[in-house]
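Scroll down for the structure; my scribbles are underneath it.
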Amino acid sequence: MGQIFCCVKVDQSTLAIRESFGKFDAVLEPGCHYMPWICGKRIAGHLTLRVQQLDVRCETMTKDNVFVTVVASIQYRVIAKKATNAFYQLSDTERLIESYVFDVIRAFVPTMELHSLFEQKYEIAEAVVVALDKSMLAYGFETVQTLIVDIERDTLMRVKAQKKLEIMRAEKDANEKAQAQKKLELEIKRAKGKNKSGLYIGSQVIGVFKGRDEKSYNKTIKTKKQNKTEQNSDEKCL
């Protein structure tokens with residue numbers, strides 16, 4: 001109906017590219033615009049100003065030879081002042097963004113080990129933003145935000161890592177049990193040593209007292225004999 005009255009409507013948060021006989025003529029903002037199609041005017045296409053999101057999955061390898069899949073979420077939008085560049089210079093925006101993200105991640109991740117990769121995902125996201133802004137601004141796009149939403153390890157490597165962890169835990173438990181057993185045996189030996197030492201000392205003390213008792217007994221008997229002999233001699237003299 002709008003074409004009959006030579007009018008066209010552009011929705012909110014949208015830009016329209018108008019051409020005249022196949023040549024760029026103007027960028028139309030949201031609202032109603034006069035479009036004399038009989039004079040060769042036409043709408044070549046539309047651009048949305050809303051923030052768009054692209055999830056990129058990049059498979060690469062860490063410094064310690066672990067294959068991972070890094071999932072990056074790229075949020076970007078068209079710069080209104082550079083709408084013509086965004087419309088005419090790029091034929092596949094998402095594929096170009098993916099190529100830059102792949103380039104950054106595959107250059108960044110192989111320099112890091114797996115345990116530090118999770119800690120430095122914000123540094124990876126920042127590197128992706130810098131690379132995209134440096135390249136995409138010329139095409140009329142700006143990066144709003146980049147997030148590393150997931151880091152997936154290879155399934156086979158994950159199973160191996162789980163088995164390795166279980167083996168390490170089992171070895172740790174076995175070592176702890178062995179150390180506890182050694183400690184218990186050592187305590188038992190010490191206790192037995194103390195008991196033997198006590199018995200030895202006790203036997204020595206008993207021997208000493210026994211020896212003293214024997215000497216005292218012998219001395220008493222000897223004294224009695226001497227007294228009896230002297231008594232007998234005195235009786236004979238009388």
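The values are calculated or read from the model by the stated rules, or taken from the named source; none is laboratory data. This one's a predicted model, so the numbers in the text were calculated from it and none came from an experiment. Heads up, the Cβs are rebuilt from the backbone with ideal geometry, glycines too, and the neighbour counts pull from every protein chain shown. Just the protein is used for accessible areas: all its heavy atoms, side chains included, with ligands, DNA and RNA removed. Shrake-Rupley method; radii C 1.70, N 1.55, O 1.52, S 1.80 Å.
Figures for the structure shown
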read-out	value
Residue ID - surrounded by the most Cβ atoms within 10 Å (Cβ to Cβ), chosen from residues in the stretch 124-138 that are out of contact with any helix residue (DSSP H, G or I) (no Cβ under 8 Å at 6 or more places or on another chain) and closer than 14 Å to residue 72 by Cβ	125
Qualifying positions in the stretch 74-95 - in contact with a helix residue (DSSP H, G or I) (Cβ under 9 Å, 6 or more places away or on another chain) and of a type outside the set (Lys, Arg)	74, 76, 78, 79, 85, 86, 89, 90, 93
Any pair with Cβ under 8 angstrom, 6 or more apart, that starts in the stretch 29-49 at a residue that is charged (D, E, K, R) and ends at one that is part of a strand (DSSP E or B) and open to solvent by 50 Å² or more (accessible area, probe 1.4 Å)	41/25
Any hit, the stretch 85-94, residues being open to solvent by less than 90 Å² (accessible area, probe 1.4 Å) and touching an Asp or Glu at 6+ places or on another chain (Cβ under 8 Å)	no
Filter result for residue 141 (open to solvent by less than 30 Å² (accessible area, probe 1.4 Å) and under 30 Å from residue 25 (Cβ atoms))	yes
Candidates 38, 17, 97 - the one that is surrounded by 15 or more Cβ atoms within 10 Å (Cβ to Cβ) and part of a helix (DSSP H, G or I)	97
Residue within the stretch 61-79 that is open to solvent by 60 Å² or more (accessible area, probe 1.4 Å), at pLDDT 90 or above and in a strand (DSSP E or B) present	yes
The one condition in (1) modelled with pLDDT of 90 or more; (2) among the hydrophobic types (A, V, I, L, M, F, W, C); (3) under 29 Å from residue 7 (Cβ atoms); (4) open to solvent by 40 Å² or more (accessible area, probe 1.4 Å) that residue 51 fails to fulfil	(3)
Contacts under 7 angstrom Cβ, first residue in the stretch 101-126 being within 14 Å of residue 59 (Cα to Cα), partner open to solvent by 90 Å² or more (accessible area, probe 1.4 Å) and of a type in the set (Lys, Arg), 6 or more apart	110/63
